[in-house]
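Reviewing the structure listed below.
The values are calculated or read from the model by the stated rules, or taken from the named source; none is laboratory data. Please read these numbers as outputs of a predicted model, since none were measured by experiment. Here Cβ is always computed from backbone atoms with ideal geometry, including for glycine, and neighbour counts include all displayed protein chains. Just the protein is used for accessible areas: all its heavy atoms, side chains included, with ligands, DNA and RNA removed. Shrake-Rupley method; radii C 1.70, N 1.55, O 1.52, S 1.80 Å.
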Protein chains: 2
Amino acid sequence: MRKIIGILGGMGPAATVDTMEKIIQYTPANRDQEHIPVITVSFPDIPDRTESILSGGVSPLNNMLVSLRILESSGARCIIMPCNTAHYWYDELKASTKMYFLNMIEITCNKIVMEGINNVAILATTGTIKSRLYQSQLEKEKVNFVVPDDIQQEVIMESILAYKSGDEEKAYWLIESVISQLKNIGVEKFIMGCSEIPVILKREGNTDWYIDATEELVRCAVDWCYLVD
Amino acid sequence: MRKIIGILGGMGPAATVDTMEKIIQYTPANRDQEHIPVITVSFPDIPDRTESILSGGVSPLNNMLVSLRILESSGARCIIMPCNTAHYWYDELKASTKMYFLNMIEITCNKIVMEGINNVAILATTGTIKSRLYQSQLEKEKVNFVVPDDIQQEVIMESILAYKSGDEEKAYWLIESVISQLKNIGVEKFIMGCSEIPVILKREGNTDWYIDATEELVRCAVDWCYLVD
């Protein structure tokens, strides 16, 4: 049976494009026909995840389920959802489908454990931070982590929203200022725990500082394609 | 009714990603929710278009129809197919669906006519050149055009295949050599008439030389989204 990756995307659209680009990048292909078939549902007109978590705004779950149903009926077999905050609803989504559904938070934390990284800072939306998606996983694995303080977190969120509004420069300098502060207090590595962050930081030359959750998710999906059924 | 763009993609996968990136770029949005909903079927394991046209190899039409059916049943309403060569089968595809289906060759030629451009060179796959997709349209519009000679065309095709095989450097220098030659014989502008070419030439600072068929197609699709039904 053909192995089609389904992307439950649109959160946001640029992160979805980044994910597709990474699938191409990490696939060992020499011609079009060796690349992986992908179906992407990128419906950005979905309620904001952080707002829903923080202030009980409209839940995005129903919209996500619509996208999931489309992927299902289109023949996708392995689902990836390149939005960390959306993983707040992961269990409900996973329970509603028979498709293989990768969990980007778990995959990223596994990578951190496997590489023996400690003192890792979590760069993510306020929704992801407040719902402790990364923290509870890292605690389970006994990894030391740093969560930005409230003021730093506000700056990170402002950076993500600036990027979504099209202001790439502002987004970059805002997040860069927090990263510098965190480096000064001994942070060893940074989790890019919001899928807009690798796009905001694309211009950075040195990627050694970062664990890119989107990259880890994509590598896992590509591996799945090459596994024997 | 919600206006969803459907991308009949995968030809090749990088061109599909470039198309999605351009949809984001040309949409006047300030937050995720203002972006356009898009469904993308990127099945690169489809018979090669140029091979089919030139040597009567397996037709990609059936595979394209499969993608089209998925887009149809997923709720897409306006189809774009970011592969110039695939437009060889445009009439058959269009006849098989009730969805609005934009024609990238026509749209690009309209742009050339509207801007009063003459002496335009066609950079495209050998399949697109041999099937005269651009030439017949430009002749109808009485636009002077230049077709690369056989040796130059071989170099262009080699560049496109180099890109598809992952060799970005080789792809760039090959096509750049032909572009320099054509500039020397008085070519005014170049049609990027293969959707890999804007990706190969991304590093070029000066885009004034080019008419990017993918960009024109995307602008048209975004306009469609903002038209009143």
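Per-atom-type breakdown for chain B gives carbon and sulfur 50% of the accessible area (1.4 Å probe, protein chains only). Pairing the Cα long axis of helix A:104-114 with the longest principal axis of chain A, what angle in degrees results, from 0 to 90 and rounded to the nearest 10? Helix A:104-114 and the main axis of chain A meet at about 70 degrees. So the label point goes 7 Å from the Cα of B:N62 along Cα→C-beta, right? Which residues of the stretch A:18-34 then have their backbone N under 20 Å from it? Taking a point 7 Å out along Cα→Cβ of B:N62, the residues of the stretch A:18-34 whose backbone N falls under 20 Å are A:33-34. For the stretch A:105-213, the solvent-accessible area works out to 45 Å² per residue, with a probe of 1.4 Å and every protein chain left in place. Every pair of different Cα atoms in the stretch B:53-111 enters the Kirkwood calculation, which places the hydrodynamic radius at 12.3 Å. When all protein chains stay in place and ligands, DNA and RNA are ignored, the 1.4 Å accessible-area order of A:W89, B:W209, largest first, is B:W209, A:W89.
Classification of the stretch B:99-186 by its C-alpha gyration tensor yields an oblate form. The axis ratio a/c (a ≥ b ≥ c) is 1.5 or more, and b/c is at least a/b.
The accessible-area ordering, largest first, of the residues B:S59, A:S42 stands as B:S59, A:S42, per a 1.4 angstrom probe. Inter-copy label distances at B:S55, using a point 7 Å along Cα-to-Cβ, come to 6.3 nm with the shortest given first. So what's the angle, to the nearest 10 degrees on a 0 to 90 scale, between helix B:213-226 and the longest Cα principal axis of chain B? Roughly 20 degrees, rounded to the nearest 10. Based on C-alpha pairs under 8 angstrom that are at least 6 apart in sequence, chain B has a relative contact order of 24 percent. Comparing the full protein assembly with the isolated chain, the residues of the stretch B:1-27 losing at least 20 square angstrom of accessible surface (1.4 Å probe) are B:R2, B:P13, B:V17, B:M20, B:E21, B:I24. Using R0 = 45 Å, the C-beta based FRET efficiency linking B:N110 and B:E169 works out to 0.85.
Size of the stretch B:1-137 from its Cα atoms: along the principal axes, largest to smallest, the extents are 45, 38, 27 Å. Each listed q (0.17 Å⁻¹) maps to a log10 I(q)/I(0) for chain A, found by the Debye formula over equal Cα scatterers with no solvent: -1.29. Relative intensity of the stretch B:25-93 on a log10 scale, I(q)/I(0) at q = 0.17, 0.20, 0.26, 0.27 Å⁻¹, equals -0.71, -0.88, -1.22, -1.28, per a Debye sum over C-alpha point scatterers of equal strength in the absence of solvent. Quick check on the stretch A:165-229: take the gyration tensor over C-alpha atoms, sort the square-rooted eigenvalues as a ≥ b ≥ c, and tell me if it's rounded (a/c under 1.5), prolate or oblate. Verdict is oblate for the stretch A:165-229. With the label put 7 angstrom out from Cα along the Cα-to-Cβ vector, A:Q25 ends up 1.8 nm from the copy partners, going from closest to farthest. Once the partner protein chains are put back, the stretch B:154-174 shows a loss of at least 20 square angstrom of accessible area, versus the chain by itself, at B:K164, B:S165 (probe 1.4 Å, ligands and nucleic acids excluded). All C-alpha pair distances within the protein assembly as shown, sorted into 10 Å bins from zero, spread as 4, 21, 30, 25, 14, 6, 1, 0 percent across the bins. 3J(HN,Hα) along the stretch B:62-74: 4, 5, 4, 5, 4, 4, 4, 5, 4, 5, 4, 6, 8 Hz, from the Karplus curve 6.51 cos²θ - 1.76 cosθ + 1.60 with θ = phi - 60°, whole Hz, x for Gly and Pro. For the stretch B:65-108, heavy-atom accessible area (probe 1.4 Å) falls by no less than 10 Å² from the chain alone to the full protein assembly at B:I70, B:S74. Per-residue Karplus couplings for the stretch A:141-151, computed as 6.51 cos²θ - 1.76 cosθ + 1.60 with θ equal to phi - 60°, are listed in order as 8, 6, 9, 6, 9, 10, 9, x, 6, 4, 5 Hz, Gly and Pro entered as x. In nanometers and ordered shortest first, the copy-to-copy spacing of the B:N118 label point, defined 7 Å from Cα toward Cβ, is 7.5. Here is how the number arises for chain B: DSSP H runs of 4 or more residues each give -39500 (n - 2.57), the sum is divided by the residue count, and the result at 222 nm is -14500 deg cm²/dmol. Taking the longest Cα principal axis of chain A as reference, the axis of helix A:13-25 is set at about 70 degrees.
Beta bridges per DSSP, both residues in the protein assembly as shown: antiparallel share near 15 percent. On the rotation that sends chain A to chain B, the chain A Cβ lying closest to the axis gives residue and distance in whole Å as A:T40, 2. The H on the amide N of A:Y100, modeled in the peptide plane, is under 5 Å from the matching H of A:I79, each at least 5 residues off or on a different chain. Exposure check, 1.4 Å probe, all protein chains in place: A:Y88 carries approximately 110 Å² of accessible surface. Separation of the alpha carbons by more than 28 angstrom is noted, of A:K94/A:K142; A:K3/A:K140; B:K22/B:K94; B:K3/B:K170; A:K3/B:K170; A:K94/A:K140, for A:K3/A:K140; B:K3/B:K170; A:K3/B:K170. Both chains summed, the buried accessible area for A and B stands near 2800 Å², from protein heavy atoms and a 1.4 Å probe.
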